[in-house]
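Peer 1: Starting off with a structure, shown below.
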Amino acid sequence: MTQYIRYFIFNILFFLSMTGHAVDKIVCDITNTGIPERPEVGQAYANTYTCQNRNPMHFPAIQLAGVVLGNSIGTSVTGSCATQKVASGQSCQFMVNINPLKTGTQTFHLQVFDGSIYYLNLPDITTTAVSPQPSATITWPGYNGGSAQADSRGNGAGSFIANATDSSGHQIRYTFAISGPGTIVGTQTGTFTLTGVNSSTVITITATADDAAPVVGTPITVQVSNVPIKILSFYNNTSETIYPVIEAPILTVDPWLQAQFGVVDVVYNTFAATKLHRVYVNGTNGIPPMQSALVSVPFYSYLVPNPMGGHYPDQLVDWWSSMRVYIYDVQSYLIQTQIEDGVSPVTLYTPGPTCISGCSQTSVYSANTIMPTNDPQQLTEYTFADVTTADPPPYPINRTTVNYDYSAVDQVYLPVAMEPYGSNLVGYTGTVEDLTSFRNGLNTFLAGTLWPTYAGLPYPRIPGAYNVVIGNPQLTSTTAQTAALTAYWNNCNNVASPDYTNCNAVFNMFSANYAACNSGTPLSGPSALPMANLYGYLTFCDAQQLPSSGAGFDAYTALQNNYKNYSSYAQDFNPYVELIHQTLQMNVYAYSVNDVVGFINAIGDGLVITVGGATGLPNSQQYDPQKVITVSPGAGSTVVYTQYGVCSHTASSGPLSGVFTFQLPSSSFPCEITLEDSQNKLYHFTLNSPAPLTTGGSDISCAAADQPWCSGVVVANTQTINTPPPNS
């Protein structure tokens, strides 16, 4: 009884004292607009509102209620908010349903209240109902093709086949409703994300148009996994079939599984993997032209029926750490990878990466070596979650993040773009160029240089500079181009060269490294520096690493980018960098310490990988580190921030672990940033303009009452560099 008395007192005090932090007990946002301005009489439509309980954590769960006020004839309220109590910090959804009974204008709104004296009025909805237009009909062949998966925390994703058409050619819009616990946010392209759901949650998707009766899809029951899951979403925007292959590495120690299982003795429980494990998405059939596939990726799968623990190798396969995704485009080469020596089919005893939509199967194999490096495939890489191995075990783990890159250090072959799944806060890495234009760019580069290619392939696959200077035997002749690069290096160390200052600084850096590895004896001169060390940024001994900052490193970076000063490939220190960064306009690795351009860490529910175009990407901007804003709520604060929102009055963007980053167009600014603490209090400030940011205090503004905590907020747009050498 005492807690309810406190609850009543809190509600009274809420209206008597509005000082301090901004507190919204209930926050509701519209997450799906399905009621058109001109609905048809006799047809059903719905808007979806997501509401969150912002009361302090110690308060009891509340039962929200929703009513339609105004001209409410033909309206009703349904949804999970109407059937379940909502704990502090949790969300539910209301659906406002309308079925106009007659023509005319109607204005109404949803009012939400919590059983006390607190209520919330949402914005008015005004519609003008019109007479039915019976001539138009919606045809939806894929009405029964949806599926949904979630992990034990209730977070997940799903897909449906978005192929409905309207007979009169009017636009189709899909609406999303949820029955049971949780919330749903859907897209018009066939995917949706889920939070707070369980196995009793049922999703209904409806295809609507402004001139036809809606068509309701087959209800989708959420399938729940006890293992954390993320999503890989593939979009093939080319005229050729692509064949994605996911590959888990050989590991002597797996810190990700150690963190997942809370291991204390990390020396004994190593979770070693002695073989690679591959998943062929849709087997050897691949993803056809202009189609997509959605794959759920569990953290791990059992390789044996009853794992005996982390001390024994090959008990589990980890699908989240240090992963590779190969994109093939020639089926015969793909098939060959399944019949090579050391490759064999594998039976998993718990679900592995599984097709949700757009594919019917995944084939799993083990192998002793990575995919052939001279095959017609493009390599991309990802790691889901962050593990802090610098802390004592059990290692902390942050499962909200995704890390990924398109690495062109070794080669470039296909136009691939990558972005977080379930978030539009970060632009893409890679390229959205169509396949024909991309290949034309490769051929133009080959015509203007002496550069070799990977031999025997039907389309150009171009190696990075390191693979050229080491004389990789998989390439056509490297002699002429290696000689040209060597001549450039020798000439640029002449004082008459415009690049002399940088070349001399780079030589001194490598010479100092050589001396540290050889009892103080430096290199005899620039011509004594091996091209492999120079273009691979390789140390002369493991005990002495090359720097990642300082004058020598800065000069090396300037040399790699000297193409900006010249008009031809022949004048470049590394023509391959110009190909990647200028000709192809790709923001990816082009040399071994280039991750200021290529590596991205962001919050996400997985990854979107597109080939040959932008279709499927949540954010159409290319990732630019100079435009990425990093927000730190402030070190040393006693407040623990748990959620954040970008350009939102609610903390709706995701969970918060220290800092968060985003890249949005200039039109999004000024942008309101919302933070939520562990007591469900909200904190607001405004980011006044996009990056690049100033060094003064004009980047953000806060209400006067919020200045004490707001003064600790730090916004910046800086990057770090820590890439290993190629093939490491």
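The values are calculated or read from the model by the stated rules, or taken from the named source; none is laboratory data. Note that the structure is predicted; figures quoted are calculated from it, not measured. Positions of Cβ are generated from backbone atoms using ideal geometry, with glycine treated the same way; all protein chains shown enter the neighbour counts.
Peer 1: State the number of residues belonging to the range 341-384 that are of a type in the set (D, E, K, R) and over 23 Å from Asp410 (Cα atoms).
Peer 2: Within the range 341-384, residues that are of a type in the set (D, E, K, R) and over 23 Å from Asp410 (Cα atoms) number 1.
Peer 1: Checking Ser366 against (1) within 26 Å of Thr238 (Cα to Cα); (2) at pLDDT 95 or above; (3) part of a strand (DSSP E or B): exactly one of these is not met. Which one?
Peer 2: Every listed condition holds for Ser366 apart from (1).
Peer 1: In this structure, is Thr252 under 30 Å from Ala272 (Cβ atoms) and free of Cβ contacts under 8 Å to residues at least 60 places away in the same chain?
Peer 2: Yes: the conditions hold for Thr252.
Peer 1: Here's something else I'd like to know. Please list, ordered by first then second residue, the pairs with beta carbon atoms under 6 Å, 6 or more apart or interchain, first in the range 650-668 and more than 28 Å from Ile26 (Cβ to Cβ), second among the β-branched types (Val, Ile, Thr).
Peer 2: Taking only residues 6 or more apart or on different chains, the pairs are Val659/Thr630; Thr661/Val628; Thr661/Thr630; Gln663/Val426; Gln663/Val628.
Peer 1: While we're here: Only residues that are outside any loop (DSSP other than H, G, I, E, B) and of a type outside the set (A, V, I, L, M, F, W, C): list them for the range 96-109, please.
Peer 2: Scanning the range 96-109 gives Asn97, Gly104, Thr105, Gln106, Thr107, His109.
Peer 1: Let me ask something additional. Only one residue in Thr189, Thr201, Thr183 is at negative phi, hydroxyl-bearing (Ser, Thr, Tyr) and under 18 Å from the mean Cα position of the chain (by Cα). Which one?
Peer 2: Thr189
Peer 1: Filter the range 57-76 down to the residues that are surrounded by fewer than 18 Cβ atoms within 10 Å (Cβ to Cβ) and of a type outside the set (A, V, I, L, M), then identify the one that is modelled with the lowest pLDDT.
Peer 2: So, considering only residues that are surrounded by fewer than 18 Cβ atoms within 10 Å (Cβ to Cβ) and of a type outside the set (A, V, I, L, M), the one modelled with the lowest pLDDT is His58.
Matching residues to (1) without any contact (Cβ under 8 Å) to a residue 12 or more places away in the chain; (2) under 16 Å from Val469 (Cα atoms); (3) among the small types (Gly, Ala, Ser):
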residue: Ala484; (1), (2), (3): no, yes, yes
residue: Asn513; (1), (2), (3): no, no, no
residue: Ala543; (1), (2), (3): no, no, yes
residue: Ala551; (1), (2), (3): no, no, yes
residue: Phe573; (1), (2), (3): no, yes, no
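Peer 1: Name the single residue, out of those in the range 344-359 being β-branched (Val, Ile, Thr) and touching a residue at least 24 places away in the same chain (Cβ under 8 Å), that is surrounded by the most Cβ atoms within 10 Å (Cβ to Cβ).
Peer 2: Restricting to residues being β-branched (Val, Ile, Thr) and touching a residue at least 24 places away in the same chain (Cβ under 8 Å), the top hit is Ile356.
Peer 1: Condition test on Ile138, is it within 23 Å of Asp210 (Cβ to Cβ), touching a Phe, Trp or Tyr at 6+ places or on another chain (Cβ under 7 Å) and either touching a residue at least 40 places away in the same chain (Cβ under 8 Å) or in the same structural domain as Ser653 (by TED's automatic domain parsing) (or both)?
Peer 2: no
Peer 1: Follow-up question, since we're still on this one. Out of the range 287-311, which residues are of a type in the set (Gly, Ala, Ser) and closer than 20 Å to Leu617 by Cα?
Peer 2: Correct list: Ser292, Ala293, Ser296.
Peer 1: Can you tell me which of (1) among the β-branched types (Val, Ile, Thr); (2) at pLDDT 85 or above; (3) in a strand (DSSP E or B) is the one Thr193 doesn't meet?
Peer 2: (2)
Peer 1: Is there a residue in the range 79-94 that is more than 32 Å from the chain's Cα centre (by Cα) and more than 16 Å from Gly115 (Cβ to Cβ)?
Peer 2: Within the range 79-94, none of the residues are more than 32 Å from the chain's Cα centre (by Cα) and more than 16 Å from Gly115 (Cβ to Cβ).
Peer 1: Can you say whether Tyr454 is closer than 28 Å to Gly552 by Cα and modelled with pLDDT of 95 or more, as far as the supplied structure shows?
Peer 2: In short, no.
Per-residue answers, yes or no, for (1) crowded, with 21+ Cβ neighbours inside 10 Å; (2) small (Gly, Ala, Ser); (3) touching a Pro at 6+ places or on another chain (Cβ under 6 Å):
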residue	(1), (2), (3)
Phe384	yes, no, no
Pro394	no, no, no
Tyr413	yes, no, no
Pro420	yes, no, no
Glu433	no, no, yes
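Peer 1: Residues that are modelled with pLDDT under 90 and on the phi > 0 side of the Ramachandran plot: does the range 157-174 have at least one?
Peer 2: no
Peer 1: So Gly79 clears everything in (1) of a type outside the set (Asp, Glu); (2) on the phi > 0 side of the Ramachandran plot; (3) surrounded by fewer than 20 Cβ atoms within 10 Å (Cβ to Cβ) except one condition, right? Which one?
Peer 2: Tallying (1) of a type outside the set (Asp, Glu); (2) on the phi > 0 side of the Ramachandran plot; (3) surrounded by fewer than 20 Cβ atoms within 10 Å (Cβ to Cβ), Gly79 fails exactly one: (3).
Peer 1: Closer than 30 Å to Asn533 by Cβ and at pLDDT below 80: does that describe Thr720?
Peer 2: Here the answer is yes, as Thr720 does meet what is asked.
Peer 1: Sticking with this one: Out of (1) within 30 Å of Phe299 (Cβ to Cβ); (2) in contact with a helix residue (DSSP H, G or I) (Cβ under 9 Å, 6 or more places away or on another chain); (3) part of a loop (DSSP other than H, G, I, E, B), the odd one out for Gln93 is which?
Peer 2: (3)
Peer 1: Test of understanding: among Leu475, Leu523, which residue is crowded, with 19+ Cβ neighbours inside 10 Å, more than 28 Å from Thr373 (Cβ to Cβ), without any contact (Cβ under 8 Å) to a residue 40 or more places away in the chain and not assigned by TED's automatic domain parsing to the domain that holds Asp375?
Peer 2: Just one listed residue meets the conditions, Leu523.
Peer 1: Here's something else I'd like to know. Considering the range 648-679 alone, what residues qualify as being surrounded by 18 or more Cβ atoms within 10 Å (Cβ to Cβ), part of a loop (DSSP other than H, G, I, E, B) and either at pLDDT below 80 or within 20 Å of the chain's Cα centre (by Cα) (or both)?
Peer 2: Thr650, Ala651, Ser652, Ser653, Leu656, Gln663, Leu664
Peer 1: Can I ask one more? Residues being in a loop (DSSP other than H, G, I, E, B) and within 14 Å of Arg173 (Cβ to Cβ): count how many of those fall in the range 201-217.
Peer 2: 3
Peer 1: Quick one: which of Val227, Val202, Val266 is crowded, with 18+ Cβ neighbours inside 10 Å and of a type outside the set (S, T, N, Q)?
Peer 2: Answer to the selection: Val266.
Peer 1: What's the number of the condition Ile117 fails, among (1) surrounded by fewer than 14 Cβ atoms within 10 Å (Cβ to Cβ); (2) modelled with pLDDT under 85; (3) closer than 29 Å to Gly42 by Cβ; (4) β-branched (Val, Ile, Thr)?
Peer 2: (3)
Peer 1: For the range 110-151, which residues satisfy the criterion of being within 30 Å of Gln291 (Cα to Cα), assigned to a loop (DSSP other than H, G, I, E, B) and within 35 Å of the chain's Cα centre (by Cα)?
Peer 2: Once the filter is applied, which keeps residues that are within 30 Å of Gln291 (Cα to Cα), assigned to a loop (DSSP other than H, G, I, E, B) and within 35 Å of the chain's Cα centre (by Cα), the range 110-151 yields Trp140, Pro141, Gly142, Tyr143, Asn144, Gly145, Gly146, Asp151.
Peer 1: Further question on the same structure: Can you find a residue that is of a type in the set (Lys, Arg) and over 14 Å from the mean Cα position of the chain (by Cα) anywhere in the range 392-406?
Peer 2: No, that holds for no residue.
Peer 1: Inspect the range 397-420 for any residue being touching a residue at least 60 places away in the same chain (Cβ under 8 Å), outside any strand (DSSP E or B) and closer than 25 Å to Ile629 by Cβ and give the result as yes or no.
Peer 2: Taking every residue of the range 397-420 in turn, none turns out to be touching a residue at least 60 places away in the same chain (Cβ under 8 Å), outside any strand (DSSP E or B) and closer than 25 Å to Ile629 by Cβ.
Peer 1: Going by what's in this entry, would Tyr243 be described as in contact with an Asp or Glu (Cβ under 8 Å, 6 or more places away or on another chain) and among the hydroxyl-bearing types (Ser, Thr, Tyr)?
Peer 2: yes
Peer 1: Can you confirm whether Met586 is surrounded by 14 or more Cβ atoms within 10 Å (Cβ to Cβ), over 27 Å from Tyr428 (Cβ atoms), in contact (Cβ under 8 Å) with a residue 40 or more places away in the chain and touching a helix residue (DSSP H, G or I) at 6+ places or on another chain (Cβ under 7 Å)?
Peer 2: no
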